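Asks: Just passing along the structure, written as structure tokens.
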Amino acid sequence: MTLTVIIAIATAFCMVLSVLIKPYIKIGTKNVGLYWIVCLIGAILMILTNCISLTAVFDGITANTSVNPLKILTLFLSMTLLSVYLGDAGFFDYVANTVFVKSKGGQLKLFIILYAVVSVLTIFTSNDVIILTFTPPICIFAKKAKISPLPFLFGEFIAANTWSMALIVGNPTNVYLAQSAGITFSEYFSVMALPALAGGITSLAVLLLVFRKQLALPISVGEENQAPPHLSKVPMLVAITHLAVGIILLSISDILGVEMFLICLTLALSLTVFDLVYDLITMHTAKPVLSSLKKEPYELIPFVLSMFVIVLALKNSGATDLLSSLLLTGNKVDGFSFGILSTISANLLNNIPMSVLFEKIISQNSLPAVYGSIIGSNIGAFLTPVGALAGIMWSKILTKYGIEMPFRKFVFYGVIIAIPTLLASVGTLCLVL
């Protein structure tokens, strides 16, 4: 057990260090995430040192269970692909352009509209997709309008990582933890709708308080005459239809008796085939579809699988059982405690490794602990940049547009907003369960 724990701790430490110092390295012309490379090395070390056998790894990855990492990755990547196709049809650019160009009445009105739009879109897509899509337009608009981008950047980031807990597909951590406890799509929403609402309202109130002075200023430059982005109406409508059908089928998947990952995979394949045929007919090329496929967050695959191997090794060594016995005792088995614990742990490990670890610790022993951990895995994203991959991607985009976001500034705003939002969400969870 000792060697297994040492390798796991060393991997977690090096991963966090890479996120803080150098999350990406350049290999050729591409930026590659160093954080997942560190985790992959840790998983390989577990195998080479006999902390876990290849047979155990294979059996764990291919097991016909709800927490099979391949099923969970398939589910999330398939839903993400639906959103990517929707974005490539111009939908998100069009919405962002409409929000920024057509909103009149000053920064406060623009901020509220932006927060509302991001919140709604996040619920039905995912936090990562929204952050990747809306962050660049915010940076560009703020520069043209000569206003501070901070209120709008934090508003977008906080909204995306608060409302992502409303549906099970909003975050891979939701999927991982909920599936581990056998929670269906409809059961998840019936419990998490109110905590998400409480967290969303609280985060908005705190954001308005924190940025009240900046938001009271006018917008000095108008962009009313700017041409709207190109919108491919047919692909957009088909993508929206696929996304809507997906949400409906997922909500009744337990009645249909079909696993959620199969529903998402089928819809992703269907939309891919449609877009491929449509592009070949209208443009005589398959490049748009290939471009969409390249935008998938493939780094999640080695990251999740590596952490799965590391946590499986900890499980087989008895380390997670020991940790479980320490955490799941007496009055500690509740959503409030695990909401706080998971938030802190996400910022020590990142929310995906935290979720993989907590799945082994809590599983079906306590549904309040599962839901509390889900809340922490989402809200933990805006406590520090380590909290989630969303923070890493967000910071990377800001750097590209010349916006400085030092660690201390992120934490300063993150702590102020995260604490009341977390308390409101887990407090509401305790009332629901």
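The values are calculated or read from the model by the stated rules, or taken from the named source; none is laboratory data. Quick caveat: nothing in here was measured; it's all calculated off a predicted structure. Cβ: placed from backbone, ideal geometry, glycine included. Neighbour counts: every protein chain shown. Side chains included, ligands, DNA and RNA excluded: accessible areas come from the protein's heavy atoms. Shrake-Rupley method; radii C 1.70, N 1.55, O 1.52, S 1.80 Å.
Asks: Quick check on the range 381-433: of everything there that is open to solvent by 30 Å² or more (accessible area, probe 1.4 Å) and touching an Asp or Glu at 6+ places or on another chain (Cβ under 8 Å), which residue is farthest from S126 (Cα to Cα)?
Replies: The qualifying residue farthest from S126 (Cα to Cα) is C430.
Asks: So, one more: Inside the range 39-130, counting only helices (runs of 4 or more DSSP H) that do not spill past its ends, which hold 2 or more residues that are touching a residue at least 12 places away in the same chain (Cβ under 8 Å) and under 24 Å from N378 (Cα atoms)? Steps first, please.
Replies: Numbers: elements: 54-62, 69-88, 91-102, 107-124.
Helices (runs of 4 or more DSSP H) meeting the threshold: 69-88, 91-102, 107-124.
Asks: Quick one: count up the residues across the range 61-98 that are touching a helix residue (DSSP H, G or I) at 6+ places or on another chain (Cβ under 9 Å), among the hydrophobic types (A, V, I, L, M, F, W, C) and farther than 14 Å from P172 by Cβ.
Replies: Selection size over the range 61-98: 9.
Asks: Among (1) in a helix (DSSP H, G or I); (2) open to solvent by less than 60 Å² (accessible area, probe 1.4 Å); (3) touching a residue at least 24 places away in the same chain (Cβ under 8 Å), there is one condition N316 misses while meeting the rest; what is its number?
Replies: Among (1) in a helix (DSSP H, G or I); (2) open to solvent by less than 60 Å² (accessible area, probe 1.4 Å); (3) touching a residue at least 24 places away in the same chain (Cβ under 8 Å), N316 violates only (2).
Asks: Now, a different point. Looking at I247 and the list (1) part of a helix (DSSP H, G or I); (2) over 22 Å from A178 (Cα atoms); (3) within 19 Å of the chain's Cα centre (by Cα), which single condition is not satisfied?
Replies: Of the numbered conditions (1) part of a helix (DSSP H, G or I); (2) over 22 Å from A178 (Cα atoms); (3) within 19 Å of the chain's Cα centre (by Cα), the odd one out for I247 is (2).
Asks: Pull up the range 345-365, narrow it to residues that are under 15 Å from the mean Cα position of the chain (by Cα), part of a helix (DSSP H, G or I) and polar (S, T, N, Q), then point me to the one that is surrounded by the most Cβ atoms within 10 Å (Cβ to Cβ).
Replies: In this case the residue turns out to be N351.
Asks: A follow-up question, please. For K294, are the conditions met, namely being among the charged types (D, E, K, R), modelled with pLDDT of 90 or more and under 22 Å from the mean Cα position of the chain (by Cα)?
Replies: Values: among the charged types (D, E, K, R): yes; modelled with pLDDT of 90 or more: yes; under 22 Å from the mean Cα position of the chain (by Cα): yes.
The answer is yes for K294.
Asks: Go through (1) of a type outside the set (S, T, N, Q); (2) open to solvent by 10 Å² or more (accessible area, probe 1.4 Å); (3) more than 20 Å from V67 (Cα to Cα) and name the single condition P368 misses.
Replies: Of (1) of a type outside the set (S, T, N, Q); (2) open to solvent by 10 Å² or more (accessible area, probe 1.4 Å); (3) more than 20 Å from V67 (Cα to Cα), only one is false for P368: (3).
Asks: I've got another one for you. Is it the case, given these coordinates, that T55 is open to solvent by 70 Å² or more (accessible area, probe 1.4 Å), of a type in the set (S, T, Y), within 30 Å of L322 (Cβ to Cβ) and out of contact with any strand residue (DSSP E or B) (no Cβ under 8 Å at 6 or more places or on another chain)?
Replies: Details: open to solvent by 70 Å² or more (accessible area, probe 1.4 Å): yes; of a type in the set (S, T, Y): yes; within 30 Å of L322 (Cβ to Cβ): yes; out of contact with any strand residue (DSSP E or B) (no Cβ under 8 Å at 6 or more places or on another chain): yes.
Spelling it out, T55 is indeed open to solvent by 70 Å² or more (accessible area, probe 1.4 Å), of a type in the set (S, T, Y), within 30 Å of L322 (Cβ to Cβ) and out of contact with any strand residue (DSSP E or B) (no Cβ under 8 Å at 6 or more places or on another chain).
Asks: If I filter the range 254-304 down to residues being within 28 Å of N31 (Cβ to Cβ) and of a type in the set (V, I, T), which single residue comes out as most open to solvent (accessible area, probe 1.4 Å)?
Replies: Once the filter is applied, the top-ranked residue is I301.
Asks: Scan the range 61-110 for residues that are buried (at least 21 other Cβ atoms within 10 Å of the Cβ), of a type in the set (F, W, Y) and closer than 30 Å to A216 by Cβ and jot them down.
Replies: Of everything in the range 61-110, those that are buried (at least 21 other Cβ atoms within 10 Å of the Cβ), of a type in the set (F, W, Y) and closer than 30 Å to A216 by Cβ turn out to be F92, F100.
Asks: Would you be able to say whether some residue in the range 232-239 is out of contact with any Ser or Thr (no Cβ under 7 Å at 6 or more places or on another chain), modelled with pLDDT under 95 and not in a helix (DSSP H, G or I)?
Replies: Checked against the condition, which is being out of contact with any Ser or Thr (no Cβ under 7 Å at 6 or more places or on another chain), modelled with pLDDT under 95 and not in a helix (DSSP H, G or I), the range 232-239 yields at least one hit.
Asks: Hey, I131 hits all of (1) open to solvent by 10 Å² or more (accessible area, probe 1.4 Å); (2) more than 21 Å from G372 (Cα to Cα) but one; which does it fall short on?
Replies: (1)
Asks: Okay, next question. For residues that are open to solvent by 40 Å² or more (accessible area, probe 1.4 Å) and either among the aliphatic types (A, V, I, L, M) or modelled with pLDDT of 85 or more (or both), tally how many sit in the range 211-220.
Replies: So the first thing to find is which residues in the range 211-220 are open to solvent by 40 Å² or more (accessible area, probe 1.4 Å), and the list is 212-214, 216-220.
With the extra rule that they be either among the aliphatic types (A, V, I, L, M) or modelled with pLDDT of 85 or more (or both), the set shrinks to 212-214, 216-217, 219.
Residues in the range 211-220 being open to solvent by 40 Å² or more (accessible area, probe 1.4 Å) and either among the aliphatic types (A, V, I, L, M) or modelled with pLDDT of 85 or more (or both): 6 in total.
Asks: Need at least 3 residues that are touching a helix residue (DSSP H, G or I) at 6+ places or on another chain (Cβ under 7 Å) per element, so show me which helices (runs of 4 or more DSSP H) inside the range 135-226 make the cut, counting only ones lying wholly within it. Walk me through it before giving the result.
Replies: Working: elements: 150-163, 172-180, 185-210, 212-215.
Once the helices (runs of 4 or more DSSP H) in the range 135-226 are filtered for at least 3 residues that are touching a helix residue (DSSP H, G or I) at 6+ places or on another chain (Cβ under 7 Å), what remains is 150-163, 172-180, 185-210.
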